[in-house]
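Taken together, the values in this text are just the output of simple stated rules run on the coordinates, not laboratory data. On a predicted model such as this, the values are computed, not experimentally measured, just so you know. So basically every Cβ, Gly included, is an ideal-geometry build from the backbone, and we count neighbours across all protein chains shown.
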Amino acid sequence: MKFWIPELTTRKRPVYLEVVHEIEAAIDAGTLRPGDALPPQRLLADFLGLHVNTVNRALRETARRGLTAGNRRHGTVVSGSSGRERHS
């Protein structure tokens with residue numbers, strides 16, 4: 001697992017969408033690649049000072065967008081490129 005923690009510097013949208021945006025940006029930048037595991041939800045929540053339910057909601061949204069997938073052995077893993085990258 002790469003040690004990657006998003007930086008939430010702006011609050012232009014709901015917090016869970018800020019987390020989604022940071023994950024998408026890390027995928028676009030190549031910081032996170034398909035197969036990379038994200039940090040556990042509780043760890044992300046602690047580092048970001050958020051409730052674990054907020055992080056859970058963000059990860060559900062990334063899964064809905066096809067960016068991540070749940071894996072029983074490895075937690076949440078990056079499953080593909082972001083939509084912005086696919087349309088470039």
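List Thr76, Thr9, Thr54 from most exposed to least, where exposure is judged by having the fewest other Cβ atoms within 10 Å.
Thr9, Thr54, Thr76
Exposure proxy check: Arg42, Arg11, Arg57 ranked by fewest other beta carbons within 10 Å?
Numbers: Arg42 11, Arg11 8, Arg57 17.
Sorted ascending by nearby Cβ count, the order is Arg11, Arg42, Arg57.
Provide the net charge surrounding Glu7, with neighbours chosen by a C-beta distance below 11 Å and charges set as Lys +1, Arg +1, Asp -1, Glu -1.
On the way: positive: none; negative: Glu18, Glu22.
My count for the surroundings of Glu7 gives -2.
Can you quote the Å³ per residue value for the convex hull of the Cα atoms in the chain, rounded to an integer? Present the calculation step by step, with values, prior to reporting the outcome.
Details: hull volume 8.1 nm³, N = 88.
Given the Cα convex hull of the chain, per-residue volume reads 92 Å³.
I need Arg33, Arg65 ordered by Cβ neighbour count within 10 Å, fewest first.
Numbers: Arg33 12, Arg65 15.
Exposure proxy ranking, most exposed first: Arg33, Arg65.
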